[in-house]
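The values are calculated or read from the model by the stated rules, or taken from the named source; none is laboratory data. Computed from a prediction, not measured in an experiment: that's the story for all the values here. Because the Cβ atoms are built from the backbone with ideal geometry, glycine has one as well, and the counts that use them run over all protein chains shown. Remember, those area values only see protein heavy atoms, side chains included, never the ligands or the DNA or RNA. Shrake-Rupley method; radii C 1.70, N 1.55, O 1.52, S 1.80 Å.
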Amino acid sequence: MFDLIIRNANLPDGRKGIDIAVKDGKIAAAEAKITAEAKEEIDATNRLVSPPFIDPHFHMDATLSLGLPRMNVSGTLLEGIALWGELRPIVTKEELVERALRYCDLAVTQGLLFIRSHVDTSDPKLVTAEALLEVRDRVKPYIDLQLVAFPQDGYYRAKDGVASLNRALDMGVDIVGGIPHFERTMDEGKASVEALCRIAADRDLPVDMHCDETDDPMSRHIETLAAETIRFGLQGRVAGSHLTSMHSMDNYYVSKLIPLMAEAKINVIPNPLINIMLQGRHDTYPKRRGMTRVRELMDAGLNVSFGHDCVMDPWYSMGSGDMLEVGHMAIHVAQMAGIEDKKKIFDALTVNSAKTLGLEGYGLAKGCNADFVILQAVDTVEALRLKPNRLAVIKSGKVIARSAPRIGELFLDGRPTRIDGGLDYVPVQS
């Protein structure tokens, strides 16, 4: 007798009609036509069952703060940073906690159960760190929340920035962050990368840096980050987020840079929604879109995962907590429209992100944690096209969220009365 069996599931790897049996919060079997019974059974009706979505790059301390204390009129990155600088000194721990918890509620309904959030450490009061450490504990039963000590105003540039970041790590923040391109000079940016990697090595912590989030092709801190990763033996434990300057770099330099990144086993985290919104603002036409070289990085064997980055905050007035929206945009901006391309994009929202976060027990194989999502789509390609409803979200073998199928009703003579966009409009694939 199992605790739960999901019947008739389509899996991301292409297998169809699979049953998934759960016992004691773990996947006990995943195979066709399991004959055993369970206390609870859910018929997936040949819909896609996926491991949960993962957001490897987010700013939970700022989420849902849109309009406080005012709107970002220009919609630019720099005004967003300035606006957050106005809000940060007046925000309370209680406000931060409440907004973060509300966002986590939304995330669960979207099947988003793992989030890495950057925590601004530039204000020495560290209210942000206190708030998100509390949130991490409160959501632990249903969301795995990793926290990055992020010196938003610059590790060296901000007054007390060095001490504040170290205090945040002492408080229990998990990961060392940085923003070298925001330091006063290139030299100070380079020095910050070296110092932060040294801290990570000394404390045995991972690194996740906002790196080269700019249109400037001479912003090359990712080169330093890769070199310091190798120097300190941090291979596979370092992420370079954004990397938008690579969009503007010349091909010869990139031909040298990407092999160095691969040697360092850098995890790459583009943020498609934010990158194309905030970059290229000094261009008229031709206008750069600012997302890093996703296809080239994937082809070189680098682990690429996608972040949502922001939802309704000083930098981005949109956002839904839906990682499929992120992947949908990545397909367009990276021009990865082939069937195999789309499968890689879906992996960047799930298994690649799990590798970035260093997750254990993630996946749909026997012995993995019984965490998964049933989507109103037949496969990963259609999920990215439709951004479908999450029919059920399961954590440790228990349903923690449900959504009704999206069904359209028609009242037209001689036409169907019911439209299921997740099944009725699936193309034939050769």
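Brief remarks on what is shown
- Selected residue (criterion: most open to solvent (accessible area, probe 1.4 Å)) from residues of the stretch 281-309 that are part of a loop (DSSP other than H, G, I, E, B) and β-branched (Val, Ile, Thr): Thr284
- Note on the stretch 316-338: residues that are more than 19 Å from Asn303 (Cα to Cα), open to solvent by 20 Å² or more (accessible area, probe 1.4 Å) and assigned to a loop (DSSP other than H, G, I, E, B) total 6.
- Qualifying residue in the stretch 261-268 (condition: surrounded by fewer than 20 Cβ atoms within 10 Å (Cβ to Cβ) and not hydrophobic (A, V, I, L, M, F, W, C)): yes
- Among the residues of the stretch 20-65, those that are surrounded by 22 or more Cβ atoms within 10 Å (Cβ to Cβ) and either at pLDDT below 95 or among the β-branched types (Val, Ile, Thr) (or both) comprise Ile20, Val22, Ile27, Val49, Ile54, Thr63.
- Of all the numbered requirements in (1) open to solvent by 10 Å² or more (accessible area, probe 1.4 Å); (2) more than 23 Å from Gly161 (Cβ to Cβ); (3) touching a Lys or Arg at 6+ places or on another chain (Cβ under 8 Å), Arg184 misses one, and that requirement is (2).
- Residues that are surrounded by 13 or more Cβ atoms within 10 Å (Cβ to Cβ) and closer than 17 Å to Asp120 by Cβ within the stretch 67-77 comprise Leu68, Asn72, Leu77, listed in sequence order.
- Qualifying positions in the stretch 128-159 - in contact with a helix residue (DSSP H, G or I) (Cβ under 9 Å, 6 or more places away or on another chain), more than 30 Å from Ala401 (Cβ to Cβ) and surrounded by fewer than 24 Cβ atoms within 10 Å (Cβ to Cβ): Asp153, Gly154, Tyr156, Arg157, Ala158
- Sole residue being touching a strand residue (DSSP E or B) at 6+ places or on another chain (Cβ under 6 Å), in a loop (DSSP other than H, G, I, E, B) and open to solvent by less than 40 Å² (accessible area, probe 1.4 Å), chosen from Ala377, Ala401, Ala392: Ala377
- Under the condition of being within 30 Å of Leu386 (Cβ to Cβ) and either without any contact (Cβ under 8 Å) to a residue 40 or more places away in the chain or not β-branched (Val, Ile, Thr) (or both), the residues counted in the stretch 71-110 number 11.
- For Asp341: the one exception among (1) out of contact with any strand residue (DSSP E or B) (no Cβ under 8 Å at 6 or more places or on another chain); (2) among the charged types (D, E, K, R); (3) open to solvent by 40 Å² or more (accessible area, probe 1.4 Å): (3)
- Some residue of the stretch 320-335 being touching a Gly at 6+ places or on another chain (Cβ under 9 Å), modelled with pLDDT of 95 or more and of a type in the set (Ser, Thr, Tyr): no
- Flag: Arg116 matches the condition of being of a type in the set (Lys, Arg), in contact with a helix residue (DSSP H, G or I) (Cβ under 8 Å, 6 or more places away or on another chain) and crowded, with 24+ Cβ neighbours inside 10 Å.
- For the stretch 159-211, the set of residues classified as part of a helix (DSSP H, G or I), of a type in the set (D, E, K, R) and within 20 Å of Leu243 (Cβ to Cβ) consists of Glu188, Lys190, Glu194, listed by residue number.
- Residue check for Tyr362: more than 16 Å from the chain's Cα centre (by Cα) and open to solvent by 10 Å² or more (accessible area, probe 1.4 Å): no
- Odd one out for Ala383 among (1) closer than 18 Å to Met336 by Cβ; (2) hydrophobic (A, V, I, L, M, F, W, C); (3) open to solvent by 10 Å² or more (accessible area, probe 1.4 Å): (3)
- Beta carbons closer than 7 Å, at least 6 apart along the sequence or on distinct chains, pair a first residue in the stretch 174-190 that is farther than 11 Å from His221 by Cα with a second that is modelled with pLDDT of 95 or more and among the acidic types (Asp, Glu) for Ile175/Asp208; Gly177/Asp208.
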